[in-house]
1. Among what's in the range 334-350 and is surrounded by fewer than 18 Cβ atoms within 10 Å (Cβ to Cβ) and outside any loop (DSSP other than H, G, I, E, B), pick the residue that is nearest to the chain's Cα centre (by Cα).
2. Looking at the range 294-309 only, could you name the residues that are under 26 Å from R205 (Cβ atoms) and in contact (Cβ under 8 Å) with a residue 60 or more places away in the chain?
3. Here are the criteria: (1) touching a helix residue (DSSP H, G or I) at 6+ places or on another chain (Cβ under 9 Å); (2) assigned to a strand (DSSP E or B). Tell me which single one A71 does not satisfy.
4. Any idea which of E378, E356 is among the acidic types (D, E), surrounded by fewer than 19 Cβ atoms within 10 Å (Cβ to Cβ) and modelled with pLDDT under 95?
5. Pick out the one residue from V159, V190 that is free of Cβ contacts under 8 Å to residues at least 40 places away in the same chain and closer than 27 Å to F279 by Cβ.
6. Please state which of the following conditions A444 fails to meet, knowing it meets all the rest: (1) surrounded by 14 or more Cβ atoms within 10 Å (Cβ to Cβ); (2) of a type in the set (A, V, I, L, M, F, W, C); (3) in a loop (DSSP other than H, G, I, E, B).
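The values are calculated or read from the model by the stated rules, or taken from the named source; none is laboratory data. What you see is a predicted model; the values in this text were computed from it and never measured. Cβ atoms come from the backbone with ideal geometry, glycine included; neighbour counts cover every protein chain shown.
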Amino acid sequence: MSDVHDRITVAFTGDGAGEGALSWGQQDIWRAMVRQESWLPNGAWGPLPPGTTLDEVADRLRYLMSRFPTARTRLVLGAEGGPRQVVSGAGEITLDVVDTGGQDPAKLAEELRLRLQDAPYDFERDWPVRMAVVRHEGELTHLVVVMCHLITDGFGAQVLLEELDKRPETPVPDLQPLEQARWQESAGGVRLNGMALRHWESILREMPVRRYPESADKRSPRHWRGEFRSPALSLALRSITARTGVASAPVLLAVFAVALARVTGPDPVLVRPMVNNRFRPGLDRVVCMLAQYGLCRLDVAGISFAEAFDRARRSALSTYKHAYYDPAALDDLVARVVGERPGLQLPCYFNDRRDEAATAGVPVPSAAEVAAAAGGGEFVWTTRQDVPFEPLIVHIDEVTGATQATVFMDTHVIAPGDAEALLRGLEAVAVEAALDPDAPTGVA
């Protein structure tokens, strides 16, 4: 791969400087980074319009750093009470320019993304943004951006990209992470956290102790990643939403719960869905790590799919309400309950990352179209490593012509065959429900 040929220094200034505790969302992702031994970078690349200049790319980087306080946030480690955040009011960052040297520019952009993601990251000294540009025969062709997950979640990333394009001059929202952390320590924050912990404790004390069958296929390397891409799942979900009137998110949650119950057995099903928390006042446009995993209990045995969708709709409301909490306090609660209920396993993580607006106005597929697509999903294992993932987490994304489910899992917790069956089961359950919402879920 080509080396960096130019390194441009970009100066920036921005509002919101200060130091303080991490917000709940920042604490949550920090704990995930520690568990997974990763700075959890999010990287992407794309083509640049013909004629783009280095000054234009540098200005884009300058705007990003100036506009969003989380892009100027570094950590102080080793502090009493855990890491603290420091938001800088000014600084300098570098923009790398890499020449192709005759290589394919798009291929080089992907290689560059991986290199930027794999390079060591210093939470105390490095800016959480890495940007590079590919130059081919003197022309800039592709932009590569990698960001630490501490900057934002996927919902905030949509705001960031929108504002990078439109360049608004209006102030950013007041409730940036430093201010969030201050409120969370107030009487109102303590009260809200207490309500959330009581919700969690009631479920933790009632749920079955073991969630998954003993893995009969423990592998080395231990941690695996797989992808399942299904046109039928995408069609079926749109069909179910249109036929039942239940929103897409709870429909998919119910489909996942039924598929999980068919593979792992116990009912009720316990799922930890990602909740964006942006329905809370003042937080909808904040570019930060705000999403947290909730805890949802669903009984899907002995009922119809239609009833499962309605239950998911109602359960989701309580789940979303109680998915804004102090992660340290929650960890203490879980440790205490596990001590009293040895062997207790928290359920799998479930992250619905689809953009429902992307399918707005798309025609509802017919039953014949759904049936014809059934069984056409493709599954592949993509990664095997010793660096840990979460025990079981499934991400859902809408891709061109299909819905994609990505599983990260520990083969010592759940067998690879069971994880693949879970993802394939999403398609099977959705197709069955799309063709007949009144049919039974098939969970005893």
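1. Once the filter is applied, the top-ranked residue is V334.
2. L295, R297, V300, A301, G302, I303, A308, listed by residue number.
3. The number of the failed condition is (2).
4. E356
5. One residue alone meets the criteria, V190.
6. (1)
Results for (1) in a loop (DSSP other than H, G, I, E, B); (2) buried (at least 17 other Cβ atoms within 10 Å of the Cβ), shown as yes or no for each residue.
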position	(1), (2)
P273	no, yes
N277	yes, yes
P281	yes, no
L290	yes, yes
G302	yes, no
F309	no, yes
R314	no, no
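Residues are listed down the side, and each one gets a yes or a no for (1) of a type in the set (S, T, Y); (2) buried (at least 17 other Cβ atoms within 10 Å of the Cβ); (3) part of a loop (DSSP other than H, G, I, E, B); (4) not assigned by TED's automatic domain parsing to the domain that holds D153:
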position	(1), (2), (3), (4)
T9	yes, no, no, no
G16	no, yes, yes, no
G25	no, yes, no, no
D28	no, yes, no, no
Q85	no, yes, no, no
G101	no, no, yes, no
